[in-house]
Each structure stands twice: as structure tokens, then as C-alpha cells.
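Report on the following structure.
The values are calculated or read from the model by the stated rules, or taken from the named source; none is laboratory data. This structure is a prediction, so every number in the text was calculated from the model and none was measured. Positions of Cβ are generated from backbone atoms using ideal geometry, with glycine treated the same way; all protein chains shown enter the neighbour counts. The protein model used for the area step is the full one, side chains on, heavy atoms only, and it has no ligands, DNA or RNA in it. Shrake-Rupley method; radii C 1.70, N 1.55, O 1.52, S 1.80 Å.
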Amino acid sequence: MSSYNSNCHQSGDLKRCSGCQHAFYCSRDCQRIHWKRHKVNCILPSLHDLFGACEQDVMPVPLARCDYGFDNLQMYQRNVPVDVESILIGIYQAIRRDILQSEYGDPTEALLYPLLNDFGASKQMILEAYESNSLDALIQRFVRNALQRRGDACPRYFSDWLHYRLIIGPTRLLLSEEEVLSARDIARMREEIYRTYYE
């Protein structure tokens, strides 16, 4: 199989990561070296799908839509007169750009897209926010930090997020193997999140 090596960036006959099926490596050593960076994508493959959608400027596949709040956003904000999904994908695109700049430090990208945040957003932060059902906290922090640092230089979807008082609410409905959130629990969590940021 001819693919692109996720670590040493060479092409050729590579082996696929057995965990996520998305990354390719020429050897076990190559994979081991890349593990610290790849771990988050491997543990939560839908993050790879989300970032792929961000790169292609399209909406994510169903699993990533569910994991990262697109489905909830549509459900909770039915009366908002704008395309709320476009606002959310724009924010995730900005988060992805900041993470890639932090990871790879591409000076060309840095000139085109200066970092919007100064708190070091990372894939690990996204994974932890997903696991603790606190993606809203990460998004709110990113949006408010970017607006404070860059003001009017931020893309419009940042101010739209706050103007329309958007949240994604709880996205990780299965908290453990024994406990599943009820509809009442979800509604209560959503109200608490909303009050935290807008009341």
C-alpha cells in the first residue's frame, strides 16, 4: 500500500496503525517515536475526522458531529437566524490552526494565520474536554481569549458565537459503562452550562 508516513513523511509501502486505521508508518520504531503526537487521534478517532473536515472546509462525518456538538447545536439553537454549524466549524478550524502551529511551528502559516489564543490549545485539551463533557468550556475560553487578543481581526464567527449565545451542551452521554445520562440529566447539564456563560 502506497501511503504517506505520519512521522517521517516518506511515502512507500507502509503499515497502517492498528488502533485508528488513519496513520501510516514504515516501522515500529517510527510509530513509537510518533506516539506522543498521535496518541490523541488514536484514542479518539473522531478527532481525526473533525480535523479532516476542518481542513477540507466541510461538515464532519456523523460520529464527529455527535462527539463535537454539531448535532446538539442544531437541537438547542433552532430559532437562531444564522447557520450555527458554520460558526462551530469555523471555531474548530481556528483551534486546529492554532494547534498545528504550536505542534509544527510553520513560520509561513504563522504569518498568514497568527495564533488566536495564548493558552496553548492542544489535542490533549480537546480529548480531556471531551472526556469530561466540557467542550463548551474549551470553546468559550478559546473564543473569548481570541476576541480579547485580536478584537476585530478575529473572524466574525467568534463574535457570532457570543452574540447568539451558543453552547453545545453535553456531548458525551455515556459517562461510564454503568451510567447513562437520562433526558432530564442532559437538560439540567445544558441549563447549567448556559447559565455559566450567559447569565
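Any residue that is open to solvent by 50 Å² or more (accessible area, probe 1.4 Å) and at pLDDT 85 or above - is there at least one of those in segment 168-181? Looking for residues that are open to solvent by 50 Å² or more (accessible area, probe 1.4 Å) and at pLDDT 85 or above, one finds none in segment 168-181, hence no. Count of segment 29-86 residues, restricted to those that are of a type in the set (A, V, I, L, M), modelled with pLDDT of 90 or more, open to solvent by 20 Å² or more (accessible area, probe 1.4 Å) and part of a helix (DSSP H, G or I), is 0.
Note on segment 125-134: among residues that are surrounded by 15 or more Cβ atoms within 10 Å (Cβ to Cβ) and touching a residue at least 24 places away in the same chain (Cβ under 8 Å), the one that is farthest from residue 78 (Cα to Cα) is 127. Once segment 135-159 is narrowed to residues that are modelled with pLDDT of 90 or more, open to solvent by 50 Å² or more (accessible area, probe 1.4 Å) and within 19 Å of residue 122 (Cα to Cα), the residue that is farthest from the chain's Cα centre (by Cα) is 144.
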